[in-house]
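Everything on this sheet refers to the single structure shown next.
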Amino acid sequence: MASPSLLDLAPVLPVVVLDDPADAVPLARALVAGGLPGIEITLRTEAALDAIGAIAAHVPEATVGAGTVTSPALVEAAAQAGARFLVSPGWTDTLLRAMQGSGLPFLPGVSTASEAVALLERGVTDMKFFPAEAAGGTAYLRSLSGPLPRARFCPTGGITPASAPAYLALPNVGCVGGTWMLPQDAIEAGDWARVEALAREAAALR
């Protein structure tokens, strides 16, 4: 079962795609300095596992996790790299067992009421709602809060600084996932002060 604290680290969980593991440590330090200690490194690039390992080793004040976890093999690789939590875009029983077996907090992805009910049956109450905007946004999540009061969500996918406050105002949303504090040009330029400033604005959304 996922730890409730994962949704309460900060109002925003940065969703990071890194091509160069050398960027991982300065990026993580900028996010932490801005007030966003939870950092999801997506397993979409060859640099991802090295980036997780670097942050785990050199930025202990960060809570670094792995995103786009889609198989038991990736669960194992992320845990060995030093990930402190796991996030998946969706789930199966096989993947869920692997995430539970890792001993790490995790957020399995859902986009329907049936998927959320199935997780609640299995004792999981913390979930990722993905892709948030495409799957119905705040209206959909608000409609789930009545029949499924125990489910708590981290909506991710298409969320912006303008739309984030509406999500964060919902009773069943613990935090939102986003990329807007990580402009590609800032990362490529090593403009960590800009990343820190954007992180600080995101941390102040709630």
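Does Glu133 qualify as being part of a helix (DSSP H, G or I) and either surrounded by fewer than 17 Cβ atoms within 10 Å (Cβ to Cβ) or in contact with a Pro (Cβ under 9 Å, 6 or more places away or on another chain) (or both)?
For Glu133, the condition - part of a helix (DSSP H, G or I) and either surrounded by fewer than 17 Cβ atoms within 10 Å (Cβ to Cβ) or in contact with a Pro (Cβ under 9 Å, 6 or more places away or on another chain) (or both) - is not met.
Is the range 133-142 home to any residue that is among the acidic types (Asp, Glu), within 29 Å of Arg97 (Cα to Cα) and in contact (Cβ under 8 Å) with a residue 40 or more places away in the chain? Show your work before the answer.
Here is the first cut: in the range 133-142, the residues among the acidic types (Asp, Glu) are 133.
If we keep only those that are within 29 Å of Arg97 (Cα to Cα) too, we end up with 133.
Going one step further and asking which of them are in contact (Cβ under 8 Å) with a residue 40 or more places away in the chain, we end up with none.
Scanning the range 133-142 turns up no residue that is among the acidic types (Asp, Glu), within 29 Å of Arg97 (Cα to Cα) and in contact (Cβ under 8 Å) with a residue 40 or more places away in the chain.
Listed here are the residues, each with its yes/no results for (1) over 20 Å from Phe129 (Cβ atoms); (2) at pLDDT 95 or above; (3) touching a helix residue (DSSP H, G or I) at 6+ places or on another chain (Cβ under 7 Å).
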site: Ser143; (1), (2), (3): no, yes, no
site: Phe153; (1), (2), (3): no, yes, yes
site: Gly158; (1), (2), (3): no, yes, no
site: Leu168; (1), (2), (3): no, yes, no
site: Val173; (1), (2), (3): no, yes, yes
site: Thr179; (1), (2), (3): no, yes, no
site: Glu188; (1), (2), (3): yes, yes, no
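Of everything in the range 93-107, what is crowded, with 23+ Cβ neighbours inside 10 Å and touching a residue at least 40 places away in the same chain (Cβ under 8 Å)? Give them in sequence order. Outline the logic, then answer.
Pass one, the range 93-107, residues crowded, with 23+ Cβ neighbours inside 10 Å: 99, 106-107.
Passing the criteria: Phe106, Leu107.
If you go through the range 152-168 one residue at a time, do you hit one that is over 19 Å from Pro37 (Cα atoms), in contact (Cβ under 8 Å) with a residue 60 or more places away in the chain and not hydroxyl-bearing (Ser, Thr, Tyr)?
yes
Six or more apart or on different chains, Cβ under 7 Å: which pairs go from a residue in the range 173-197 that's under 27 Å from Leu7 (Cβ atoms) and assigned to a helix (DSSP H, G or I) to one that's at pLDDT 95 or above and charged (D, E, K, R)? Could you list them?
Ala186/Arg194; Ile187/Asp23
Run down Ala54, Ala28, Ala33 and say which single residue is at pLDDT 95 or above, crowded, with 17+ Cβ neighbours inside 10 Å, more than 26 Å from Ala169 (Cα to Cα) and over 16 Å from the mean Cα position of the chain (by Cα). Talk me through it step by step, then tell me what you get.
Values: Ala28 fails: over 16 Å from the mean Cα position of the chain (by Cα); Ala33 fails: more than 26 Å from Ala169 (Cα to Cα).
It is Ala54.
Can you go through Thr92, Thr68 and tell me which one is touching a helix residue (DSSP H, G or I) at 6+ places or on another chain (Cβ under 9 Å), at pLDDT 95 or above and of a type in the set (Ser, Thr, Tyr)? Before you say what the answer is, go through the steps one by one.
Values: Thr92 fails: touching a helix residue (DSSP H, G or I) at 6+ places or on another chain (Cβ under 9 Å).
Unique residue meeting the criteria: Thr68.
Within the range 20-77, which residues are more than 22 Å from Phe130 (Cβ to Cβ), outside any helix (DSSP H, G or I), of a type in the set (A, V, I, L, M) and in contact with a Pro (Cβ under 8 Å, 6 or more places away or on another chain)? Break it down into steps so the answer makes sense when it comes.
Going residue by residue through the range 20-77, those that are more than 22 Å from Phe130 (Cβ to Cβ) are 20-30, 32-35, 46-47, 50, 53-62, 76.
From what's left, outside any helix (DSSP H, G or I): 20, 34-35, 46-47, 59-62.
Next, only the ones that are of a type in the set (A, V, I, L, M) stay: 47, 59, 62.
Correct list: Ala47, Ala62.
Evaluate the following for Glu76: is it over 23 Å from Gly190 (Cβ atoms), among the charged types (D, E, K, R) and out of contact with any Ser or Thr (no Cβ under 6 Å at 6 or more places or on another chain)? It would help to see each step written out before you state the result.
Working: over 23 Å from Gly190 (Cβ atoms): yes; among the charged types (D, E, K, R): yes; out of contact with any Ser or Thr (no Cβ under 6 Å at 6 or more places or on another chain): yes.
Yes; evaluated as a whole, the condition is true for this residue.
List the number of the failed condition for Ile159; all other conditions in (1) crowded, with 22+ Cβ neighbours inside 10 Å; (2) β-branched (Val, Ile, Thr); (3) not in a loop (DSSP other than H, G, I, E, B) hold.
(3)
If I filter the range 125-150 down to residues being of a type in the set (A, V, I, L, M, F, W, C) and within 16 Å of the chain's Cα centre (by Cα), which single residue comes out as farthest from Glu40 (Cα to Cα)? Explain how you work it out, then say what you get.
We begin by selecting, within the range 125-150, every residue of a type in the set (A, V, I, L, M, F, W, C); these are 127, 129-130, 132, 134-135, 139, 141, 144, 148.
Of the ones still in play, those that are also within 16 Å of the chain's Cα centre (by Cα) are 127, 129-130, 132.
Details: Met127: 14, Phe129: 15, Phe130: 14, Ala132: 17 Å.
Applying the filter and picking the extreme gives Ala132.
Look through the range 66-92, keep the residues that are in contact (Cβ under 8 Å) with a residue 24 or more places away in the chain and of a type in the set (Ser, Thr, Tyr), and return whichever of them is surrounded by the most Cβ atoms within 10 Å (Cβ to Cβ).
Restricting to residues being in contact (Cβ under 8 Å) with a residue 24 or more places away in the chain and of a type in the set (Ser, Thr, Tyr), the top hit is Ser88.
The values are calculated or read from the model by the stated rules, or taken from the named source; none is laboratory data. Note that this is a predicted model, so its numbers are computed, not measured. All Cβ positions, glycine included, derive from the backbone under ideal geometry; neighbour counts span all protein chains shown.
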